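So the structure is just underneath, and the comments pick up after that.
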Amino acid sequence: METNDETQKGGLEYETHTSGNCIREHDKPIHGSSERERGVSEHFSLEKKRHSDVSPKKKKMEFAGEQNDYQEASKRNADQRNAASTSPRAKTPSKGPVPKKLSKIATPKKSPRRSPTKEKEGRVSNGRSSERRNILADAAERRMRLGVTTPSDRVEQEGRISPDIFDDDDDFIKAAEKTEITWCGSPLSSLEALSSTNLNLPSVYPAPDHTVLVKLPISPGGGVPAPHPSSYTDIWDQYHVRMPCSPKSQYPLGKGSDSLVPRWSVICQALRRGITSVEELQSAILEYNSRYATKWKFKGLHHLIEQEFEEEERDYFFSNTLPAMIRLALNLPKLVTQPPPLLVSRAAHSITLSQMQIASLLANAFFCTFPRRNAKGSETEYANYPDINFNRLFFHKEKRALEKMKCLLNYFRRVTRKEATGNVTFTRQYICYQDLPAWESSSNHLPKIHINTNGLIEDASGLLQADFANKYLGGGVLGLGCVQEEIRFVLSPELIVSRLFTQALGKSEALIITGVEQYNDSTGYASTFSWKGSHEDTTPVDAWGRRLCQVTAIDALHFTRQPQVQYRPTFVRRELNKAYAGFKVLNNSPGVQIAVATGNWGCGAFKGDPRLKSLIQLAVCGYIGRDVAYFTFGDQKLCNDLAAMHIFLKENNVSVGELVQLLIHHGSREWADGSDLFQYIYHNLGAYESETDNEDSAVPAPPQNTNTRKEMPAVKRNITDYFKKLGKTYPTPAAATAVTHGATHRHASTSKQVLSSGTGVVGKDSLSEEKILEVLTECDRLVGGQKVKTQEACDSGPSLWTQNKYLLDQSKETSDTTKFKSSKRDSEGKDRGKTEERKNTVSKSTSEPNRLLSFLDDIDKGMAS
């Protein structure tokens with residue numbers, strides 16, 4: 001159905017304003033229009049001429065805001081529509097729906113009887129004035145919203161860090177994905193890594209804090225290392241693993257019998273019996289675990305072997321793999337000739353085992369032979385240790401549990417077909433309270449960073465690879481757990497043996513594993529996890545037969561029930577100390593410190609904030625002196641945001657201590673929920689520098705306390721750097737790639753270049769900084785008045801009160817961004833005082849808008865002269 005919308009556009013002067021420029025469409029031809037449309041068009045042309053003959057005095061309208069312009073434009077449009085509907089030139093009455101209203105943008109009026117030359121000059125002058133006003137209005141509007149322009153805006157025009165930092169345009173994201181822009185920051189190859197020329201690993205030698213269970217010296221490539229001591233020496237106490245082959249491990253001869261026999265003899269008898277089915281395997285395991293005969297179920301193992309396996313695979317398992325696993329398990333006294341010591345809490349200690357010793361221990365875990373490890377309860381001997389026997393894994397029939405069992409069976413198949421010849425060292429690192437860093441006072445610089453969306457931590461060869469651990473190492477690897485830690489443990493099953501001797505990690509403790517080998521590849525995550533196939537690890541080894549692979553297990557705090565509390569200073573410091581324990585270089589490690597490969601630590605089921613955790617890990621690595629490779633696991637926005645933040649911090653020469661101070665102060669606010677963390681950092685640092693640049697502004701000196709940013713170096717920049725209107729432009733994929741993969745450390749001087757080349761910047765007629773500060777100060781006054789008004793409306797409902805409280809607190813922070821809380825009691829008193837002061841300063845709030853507009857007019861007049 002034809003409407004009159006096209007009629008309006010065809011004849012009426014239709015204008016759109018963009019940065020002071022007008023697009024006029026009244027000169028368009030009307031070819032092909034109907035008679036009725038041409039008639040209405042001609043009438044509109046006569047109406048326009050009639051209006052142009054009106055006296056300029058009647059047409060004059062003083063500028064008093066958009067409201068007056070809009071009212072007059074709306075009235076004029078209504079008159080024109082009425083005239084069109086009753087015009088004698090229209091041959092038929094208007095039919096169809098009423099035409100839509102014109103755009104609610106005031107139409108500038110031309111002065112009558114002006115020459116074309118003067119009219120052109122006037123349009124240029126008006127365009128410049130409008131352009132200046134747009135810039136100032138945009139800055140004022142953002143200031144009133146308490147939104148300081150972040151350095152991410154500069155990054156967008158300077159660096160074009162990534163396609164998705166500032167816009168969610170789907171077409172552009174798809175174009176960027178085609179160019180395979182997957183990383184930001186420094187190239188991964190530029191980070192220090194383990195190599196034959198940089199062995200940043202401690203040596204292997206017996207010591208009071210290092211138990212070596214293999215014979216030294218070790219000859220790499222010389223076969224399976226011999227055990228130490230040469231024959232089995234039993235230790236049965238609370239400081240060592242209680243071995244299943246120990247003579248002191250006793251078992252009842254029969255049900256209800258008082259006669260005890262060595263449990264190892266029962267184990268050997270049960271497993272040496274020919275096993276050809278899952279039922280027989282289950283019966284053998286329960287023969288020396290009779291207490292759990294009614295509790296342990298093997299549903300998952302039944303399903304895997306009998307339904308998932310092909311007949312050929314099933315036959316191979318029972319005829320080859322399973323008998324070899326039994327021999328490996330029963331050779332335990334010959335391979336592990338001394339019980340490994342327990343890595344107990346609050347004690348630093350290391351254990352070095354051969355890969356075949358680990359395989360024998362894991363085979364015994366598969367057959368559930370370890371004594372005293374099945375009992376549950378807070379009073380049991382191993383209540384503070386993770387479980388090690390595989391009985392829990394055998395129960396589950398879920399796909400992820402079956403896929404994990406495939407990984408483990410593939411591991412046993414490989415180590416029984418070809419014996420591994422390497423060694424692995426497990427080190428519990430404990431940092432006592434006195435040795436923890438004084439984070440806020442650190443002057444160390446922040447490190448380089450490589451940020452990747454597609455890579456995996458385990459693919460970062462030669463780096464210290466983070467394991468996002470549970471305090472009980474391995475988490476749910478022997479259950480239904482299938483996230484980062486559990487997946488890493490089944491890809492490299494030698495990690496599972498750490499559950500045998502590692503007590504739950506404390507606040508400043510971590511477990512560092514050196515020399516582990518990867519045996520499996522996988523796809524998917526959690527419920528989509530799937531075993532992909534066998535992995536051939538070609539990582540080189542060091543002089544002690546350990547692969548140049550180092551994994552650090554650090555457990556994050558649980559914030560599942562109250563995620564908002566993770567920003568509190570206590571928890572931030574705890575995570576700093578935990579990451580420090582995991583990232584600190586081991587004692588007596590030669591060479592250059594290798595980089596850390598990490599990611600969203602504790603940000604899955606534990607509900608951690610990736611932005612907070614990334615800054616915490618960045619600060620810790622800066623303190624230690626390690627660079628960072630950060631993997632976002634497909635989170636492109638996090639990659640972009642973190643890259644922009646890192647550039648901003650480096651530009652401003654922010655030290656580790658200053659960054660930690662910001663994190664601590666951010667979490668000290670009562671309402672902090674973390675949603676504004678990055679914006680908070682941008683605002684505090686940006687406002688601090690902007691205020692210190694203006695020598696005439698009365699900025700109070702920061703208080704002299706431990707949280708003061710008094711040592712922050714001032715980076716000189718123009719105030720317009722933070723209040724420049726940006727155009728919506730996109731980089732080409734080639735340009736984005738070139739800049740993203742180029743140098744990431746920029747200097748403050750680049751901000752001035754942006755001002756001269758960005759969209760909407762006023763070349764030589766640039767705005768006076770003093771005038772802008774004057775306008776923005778006035779905006780702050782308006783903000784304060786608005787916040788007090790909204791506070792008075794708090795009785796309207798709880799949700800409104802919450803919003804008003806947030807805005808009021810944010811306004812308090814912008815009044816003095818360099819001050820930090822000295823104590824909760826003092827801050828509450830100051831807040832009450834500031835609130836009362838604001839109530840007294842907004843008494844003239846009714847005239848404030850006109851006052852702000854007069855400031856804008858003064859600036860226009862001053863710049864036009």
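The values are calculated or read from the model by the stated rules, or taken from the named source; none is laboratory data. Here the structure is a predicted model, which means the values were calculated and not measured. Quick reminder, even Gly has a Cβ in these numbers, built from the backbone with ideal geometry, and neighbours come from all protein chains shown. Please note that ligands, DNA and RNA were not included when accessible areas were found on the heavy atoms of the full protein model with its side chains. Shrake-Rupley method; radii C 1.70, N 1.55, O 1.52, S 1.80 Å.
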If you go through segment 290-307 one residue at a time, how many are open to solvent by 80 Å² or more (accessible area, probe 1.4 Å) and assigned to a helix (DSSP H, G or I)?
4
In segment 313-354, residues that are open to solvent by 10 Å² or more (accessible area, probe 1.4 Å) and under 20 Å from HIS228 (Cα atoms) total 11
Given (1) free of Cβ contacts under 8 Å to residues at least 12 places away in the same chain; (2) over 24 Å from ASN391 (Cβ atoms), GLY481 misses just (2)
Give the residues of segment 205-231 that are in contact with a strand residue (DSSP E or B) (Cβ under 8 Å, 6 or more places away or on another chain), assigned to a loop (DSSP other than H, G, I, E, B) and open to solvent by 30 Å² or more (accessible area, probe 1.4 Å), sorted by residue number.
TYR205, PRO206, ASP209, LYS215, PRO220, VAL224, ALA226, HIS228
Quick check on this structure: which one of GLU313, GLU379, GLU306 is among the acidic types (Asp, Glu), within 23 Å of GLN518 (Cβ to Cβ) and out of contact with any Lys or Arg (no Cβ under 6 Å at 6 or more places or on another chain)?
GLU313
Quickly run through segment 370-388 and pick out the residues that are among the hydrophobic types (A, V, I, L, M, F, W, C) and open to solvent by less than 30 Å² (accessible area, probe 1.4 Å).
PHE370, ILE388
Going by the structure shown, is GLN593 buried (at least 17 other Cβ atoms within 10 Å of the Cβ), touching a residue at least 12 places away in the same chain (Cβ under 8 Å) and either more than 26 Å from ALA193 (Cβ to Cβ) or under 24 Å from the mean Cα position of the chain (by Cα) (or both)?
no
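What residue, of ILE275, ILE305, ILE267, ILE326, is under 21 Å from GLY479 (Cβ atoms) and of a type outside the set (Phe, Trp, Tyr)? Break it down into steps so the answer makes sense when it comes.
On the way: ILE275 fails: under 21 Å from GLY479 (Cβ atoms); ILE267 fails: under 21 Å from GLY479 (Cβ atoms); ILE326 fails: under 21 Å from GLY479 (Cβ atoms).
Going through ILE275, ILE305, ILE267, ILE326 in turn, the sole match is ILE305.
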Scanning for something among the basic types (Lys, Arg) and either farther than 30 Å from SER655 by Cα or within 20 Å of the chain's Cα centre (by Cα) (or both), does segment 467-480 turn up at least one residue?
yes
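Any idea how many residues of segment 560-586 are in a loop (DSSP other than H, G, I, E, B) and either modelled with pLDDT under 95 or charged (D, E, K, R) (or both)?
To start, the set of residues in segment 560-586 that are in a loop (DSSP other than H, G, I, E, B) comprises 560-562, 568, 584-586.
Next cut, either modelled with pLDDT under 95 or charged (D, E, K, R) (or both) only: 560-562, 568, 584.
Matching residues across segment 560-586 total 5.
Residue-wise test of (1) assigned to a loop (DSSP other than H, G, I, E, B); (2) under 24 Å from PRO563 (Cα atoms); (3) among the charged types (D, E, K, R).
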position: SER589; (1), (2), (3): yes, no, no
position: ARG611; (1), (2), (3): no, yes, yes
position: GLY634; (1), (2), (3): yes, yes, no
position: LEU642; (1), (2), (3): no, yes, no
position: LEU662; (1), (2), (3): no, yes, no
Filter segment 596-631 down to residues that are more than 17 Å from ALA556 (Cα to Cα) and in contact with a Cys (Cβ under 8 Å, 6 or more places away or on another chain), then give me how many there are.
2
Within the bounds of segment 462-485, is there any residue that is open to solvent by 10 Å² or more (accessible area, probe 1.4 Å), of a type in the set (D, E, K, R) and not in a loop (DSSP other than H, G, I, E, B)?
no
Search segment 268-284 for residues being part of a helix (DSSP H, G or I) and closer than 27 Å to SER530 by Cβ, and hand back the single one that is most open to solvent (accessible area, probe 1.4 Å).
GLN282
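Suppose we filter GLY625, GLY599, GLY608 for residues that are open to solvent by 40 Å² or more (accessible area, probe 1.4 Å), modelled with pLDDT of 95 or more and of a type in the set (Gly, Ala, Ser); which single one remains?
The conditions single out GLY625.
Pick out the one residue from THR514, THR539 that is modelled with pLDDT of 95 or more and surrounded by fewer than 23 Cβ atoms within 10 Å (Cβ to Cβ).
Result of the check over THR514, THR539: THR539.
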Could you check how many residues of segment 514-532 are touching a Ser or Thr at 6+ places or on another chain (Cβ under 9 Å) and not in a loop (DSSP other than H, G, I, E, B)?
8
Consider GLU458 carefully, then state whether it is assigned to a helix (DSSP H, G or I), closer than 30 Å to ASN652 by Cα, open to solvent by 10 Å² or more (accessible area, probe 1.4 Å) and not aromatic (Phe, Trp, Tyr).
no
Out of CYS603, CYS549, report the one residue that is touching an Asp or Glu at 6+ places or on another chain (Cβ under 8 Å) and either closer than 23 Å to TRP671 by Cβ or polar (S, T, N, Q) (or both).
CYS603
Enumerate the pairs (first residue in segment 535-547 and without any contact (Cβ under 8 Å) to a residue 24 or more places away in the chain; second residue anywhere and open to solvent by less than 40 Å² (accessible area, probe 1.4 Å) and acidic (Asp, Glu)) with beta-carbon separation below 8 Å, excluding pairs fewer than 6 apart on the same chain, so at least 6 apart or on different chains.
ASP537/GLU517
